[in-house]
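Just below is one structure, and these are the notes that go with it.
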Amino acid sequence: MNVKGGILVRDGKRTSCELGVVDSQSAIVSALCMGFTASDETLSDVKFEAYLDAGGDGEYAKYSVEKVTVHPHYNSTTFANDIAIISYNSGGNVKWQNPIAPVYGYKWDSVAFVRRSLLDMEKPTY
């Protein structure tokens, strides 16, 4: 799957929180989107899912989030360090990295800003 991005789903409801998909097992997201008020808080009663898509070619996947790691100095009042890493299991032995997010950003030829909206959660449509 050639993943282009994703959306965070919380307790079966779509959010407006986009995922920075890193690879077949993790993504970054705003800690605010997760609903945390402190870095050491746990939200064990909340079900998070990662809906990933391939950019309009009809290919999509959804995975249950297995672990959330919030920046240890996240401050929900000032939004300092407002970042979290989510881990999910994409199944199988296929491992991949997101080719549109290279580590060396200074080599990018162009920059595009994209806003995704999840329209249908049964058959994810963006």
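Name the single residue that is nearest to the chain's Cα centre (by Cα) among those in the stretch 35-50 being at pLDDT 90 or above and either open to solvent by less than 60 Å² (accessible area, probe 1.4 Å) or aromatic (Phe, Trp, Tyr) (or both). Step by step, filter the stretch 35-50, then rank; the result is Ala50. Cβ separations smaller than 6 Å between residues 6+ apart or across chains give the following pairs from the stretch 60-84 residues that are within 26 Å of Gly12 (Cα to Cα) and open to solvent by 90 Å² or more (accessible area, probe 1.4 Å) to residues that are among the acidic types (Asp, Glu) and outside any loop (DSSP other than H, G, I, E, B): Lys62/Glu49. Suppose we keep only residues that are of a type in the set (D, E, K, R) and more than 16 Å from Asp53 (Cα to Cα) within the stretch 1-34. Which one would you say is surrounded by the fewest Cβ atoms within 10 Å (Cβ to Cβ)? Going through the qualifying residues, I end up with Lys13.
The values are calculated or read from the model by the stated rules, or taken from the named source; none is laboratory data. The shown structure was predicted, so the numbers you read here are calculated from the model rather than taken from an experiment. Cβ: placed from backbone, ideal geometry, glycine included. Neighbour counts: every protein chain shown. The area values use the complete protein model at the heavy-atom level, side chains included, leaving out ligands, DNA and RNA. Shrake-Rupley method; radii C 1.70, N 1.55, O 1.52, S 1.80 Å.
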